[in-house]
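Visitor: I'd like to ask some things about the structure below.
The values are calculated or read from the model by the stated rules, or taken from the named source; none is laboratory data. Remember, predicted model here, so these are calculated numbers, not experimental data. Cβ placement follows ideal geometry from the backbone for every residue including glycine, while neighbour counts extend to all protein chains displayed. Ligands, DNA and RNA are stripped out before the accessible areas are found, and what is left, the full protein with its side chains, is counted by its heavy atoms. Shrake-Rupley method; radii C 1.70, N 1.55, O 1.52, S 1.80 Å.
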Amino acid sequence: MLKRMSFLSIIVIMMTGRLIAESPILPTELEADRLTIYSATDLEAISPVLEAFKAQNPNIKLEYREFNTQELDRAIRAKSLEDQPDVVISSAMDLQVRLINDGYAQPVLGEAITDLPGWANWRNEVIGFTYEPIVFVYNKLAFKDKAVPLTHESLASTMRIEDGFFVHRVGSYDARRSGIGYLVATQDEVTSSISGRLQESLGRARTKVYGQTASLLDDIASGKLIFGYNLLGSYSFAREKRDNRIGVVIPQDYALVVSRAAFISKQAKHVSNAQRFVNFLISKEGQGVIAEKSELVALFPDIDGLVSQQNVQDQTINFHPIPLGPALMVYLDDSKRRRFIKAWESALLSIKSE
C-alpha cells in the first residue's frame with residue numbers, strides 16, 4: 001500500500017489511530033495549503049487518484065482518514081460544523097444524502113459538474129464520481145463443473161434446488177452494521193419483485209454476513225465460502241484481477257449501480273482546495289485516472305468493457321444506477337429501518353455475524 005504512496009506528502013490515519021504515512025506540517029507552512037478528506041474508501045483503491053491530484057497540486061498537504069460507512073456517518077455527526085473535514089466520501093449514498101439534507105454541505109462549483117448525469121447529482125451538493133455495479137462473486141474451483149447463477153432468479157432457484165451445495169457457504173453484507181449492505185438490501189426490495197424470495201433462499205443457505213468486503217472476498221477465495229451475494233463491484237473486480245481463484249458476475253437481469261458520493265463540508269476550512277479536489281474527481285483527467293489506474297470504476301464507464309468480462313451469451317444487462325436524492329432517506333426513517341431489519345433477520349433465520 002505504502003509503496004505507491006511513498007513520494008507523497010499525505011497523512012493517512014486509520015480508525016485505529018495508527019499513523020500509516022506522515023509528512024510533518026511545519027509551523028511555517030500555511031494552513032491554507034491543506035486538505036482533509038474523510039472517506040469510506042480503501043486507501044489502496046483510491047491512492048492513484050490522490051497521487052494524481054497531489055502531482056497537480058504539490059503544495060497541498062493531504063490528510064486522508066479512512067472509516068467504514070457507518071463509522072464515517074457517526075464521526076461526521078459527532079463533530080460540530082466548525083470542526084468538519086473538508087471533503088467527505090462514501091459509497092453509502094443514503095447516509096450521504098441524509099447528511100446533505102441535514103445541512104452539512106455546500107454547493108460544488110465548476111464546469112465539470114454540468115456533465116454529471118442527473119442521478120449522480122443532488123442539489124449540486126453531493127455528487128457521484130464512480131459507477132460500481134453490485135455483483136455476484138464465486139469460487140471458481142467450487143463451480144468448476146457447475147453452472148454459475150447469472151440472474152437473481154436463477155440464484156434463488158439454484159439455492160433452493162441445491163441447498164446442500166450452498167448451505168453455510170454463501171456470504172453477503174450484514175445489513176445491520178454495514179452501510180453499503182443496508183443500502184443495497186433496501187434497493188433490492190425497491191427494484192426487484194423477488195427480493196423476498198431471495199432473502200428466504202439466503203436464509204435457507206444459512207448465509208454468513210460480514211461487515212467488510214475484504215473479509216468476504218478472502219473467504220470466497222480460500223473456499224470457506226463458494227458464493228458472495230450483492231458485493232461492491234469495484235473491490236470485487238480488483239480482487240479478481242490479482243486472484244484467479246474467484247470469478248465475478250454482473251447479474252444479467254438487473255445490476256444495481258452504486259456511485260461513491262462526495263460532498264464539501266458546509267464550513268470547510270480549505271474550501272478552494274476542496275472545490276479543486278471534487279472537481280478533479282469528475283473531470284476528464286480525474287475520471288481517466290479512476291478508470292485506468294485505480295481499483296474503482298469510473299463514473300463514465302466503458303459499459304461494453306464491463307460486460308465483456310462476463311463469459312455469457314447474452315450481454316444485455318439492465319444497469320440500474322441508484323439515484324442520489326431524498327428517496328434514499330425513506331429507509332433511514334427509524335421505524336422503517338427497524339421493520340426492514342426485523343424482516344431481514346426473520347428471512348435470514350439463524351444467521352450469525354462473522
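Visitor: Using modelled backbone amide H atoms (1.01 Å from N, in-plane), which distant-in-sequence or interchain residues come within less than 5 Å of HIS320's amide H?
Guide: The answer is ALA255, LEU256, VAL257.
Visitor: A further question follows. What dipole magnitude, in Debye to the nearest 20, does the range 160-200 give about its Cα centre under +1 on Lys/Arg Cβ and -1 on Asp/Glu Cβ? The partial results should precede the final answer.
Guide: Working: 5 positive and 6 negative charges, 23 e Å.
Dipole of the range 160-200, to the nearest 20 debye: 120 debye.
Visitor: While we're on this one: Please report, as a whole percent, how much of the solvent-accessible surface of the chain comes from carbon and sulfur atoms (probe radius 1.4 Å). Before the final figure, lay out each step's value.
Guide: Details: 7430 of 15110 Å².
C and S atoms contribute 49 percent here.
Visitor: May I pose another question? Under the Karplus relation 6.51 cos²θ - 1.76 cosθ + 1.60, θ = phi - 60°, what is the ordered set of whole-Hz ³J(HN,Hα) values for the range 130-144, x standing for Gly and Pro?
Guide: Taking θ as phi minus 60°, the curve returns 10, 9, 10, x, 8, 10, 9, 10, 9, 7, 4, 5, 5, 9, 4 Hz for the range 130-144.
Visitor: Counting only helical runs of four or more DSSP H residues, what would the 222 nm mean residue ellipticity of the chain come to if each run contributes -39,500 (n - 2.57) and the total is spread over all its residues?
Guide: On the way: 13 runs with 132 residues, N = 354.
Taking each H run of at least 4 residues, the total per residue is -11000 deg cm²/dmol.
Visitor: Please work out which option in [x] 22.9, 81; [y] 21.3, 68; [z] 20.2, 69 gives Rg and Dmax of the Cα atoms in Å calculated from these coordinates, and answer with its label.
Guide: [z]
Visitor: Next question, about the same structure. Below 11 angstrom from the Cβ of PRO251, what's the summed charge of the other residues (Lys, Arg +1; Asp, Glu -1)? Before the final figure, lay out the partial values.
Guide: Working: positive: none; negative: GLU153, ASP188, ASP253.
With Lys, Arg at +1 and Asp, Glu at -1, the net is -3.
Visitor: Amide H to amide H under 5 Å from GLY228: which residues, 5+ apart in sequence or cross-chain, H placed 1.01 Å off N in plane?
Guide: VAL137, TYR138, GLY171
Visitor: Moving on to the next point. Quick check: with the 1.4 Å probe, what order do THR114, THR130, THR158 take by accessible area, largest first?
Guide: Values: THR114 105, THR130 0, THR158 35 Å².
Output order, biggest surface exposure first: THR114, THR158, THR130.
Visitor: List every residue whose amide H lies under 5 Å from the amide H of THR36, counting only residues 5 or more places away in sequence or on a different chain, with H placed 1.01 Å from N in the peptide plane.
Guide: Distant-sequence amide H within range of THR36: GLU63, ASP86, VAL87.
Visitor: Ranking request for peptides 329-338, 256-265, 232-241: highest mean number of other beta-carbon atoms within 10 Å first, then the rest in descending order.
Guide: Working: 329-338: 12.7, 256-265: 25.6, 232-241: 22.1.
Sorting 329-338, 256-265, 232-241 by mean packing, highest first, produces 256-265, 232-241, 329-338.
Visitor: Just report the Cα centroid separation between the range 125-173 and the range 34-68, whole Å.
Guide: What the calculation gives is 32 Å, centre to centre.
Visitor: Could you give the dipole magnitude of the chain about its Cα centre, charging the beta-carbon of Lys and Arg +1 and that of Asp and Glu -1, in debye to the nearest 20? Present the calculation step by step, with values, prior to reporting the outcome.
Guide: Numbers: 40 positive and 43 negative charges, 181 e Å.
Using Cβ point charges on Lys, Arg, Asp and Glu, the chain gives about 860 debye.
Visitor: A further question on this structure: Taking Cα pairs under 8 Å and at least six residues apart, what relative contact order does the chain come out at, in percent? All intermediate terms of the calculation are to be shown ahead of the outcome.
Guide: Details: 673 pairs, mean separation 92.7, N = 354.
About 26 percent, as a whole number.
Visitor: Over the chain, with the other protein chains present, what is the accessible area per residue in square angstrom, probe 1.4 angstrom?
Guide: Values: 15110 Å² over 354 residues.
It amounts to 43 Å² per residue over the chain.
Visitor: Could I ask something else about it? Once ligands and nucleic acids are excluded and a 1.4 Å probe is used, how much of ASP83 is accessible, expressed in Å² to the nearest 10?
Guide: ASP83 exposes around 80 Å² with every protein chain in place.
Visitor: Ranked from highest to lowest mean number of other Cβ atoms within 10 Å per residue, what is the order of the peptides 215-224, 45-54?
Guide: On the way: 215-224: 18.4, 45-54: 20.3.
Sorting 215-224, 45-54 by mean packing, highest first, produces 45-54, 215-224.
Visitor: Determine which lysines satisfy two conditions relative to LYS79: a Cα distance under 16 Å, and not lying fewer than 8 residues away in the same chain.
Guide: Once the sequence-local lysines are set aside, what remains near LYS79 is LYS266, LYS269.
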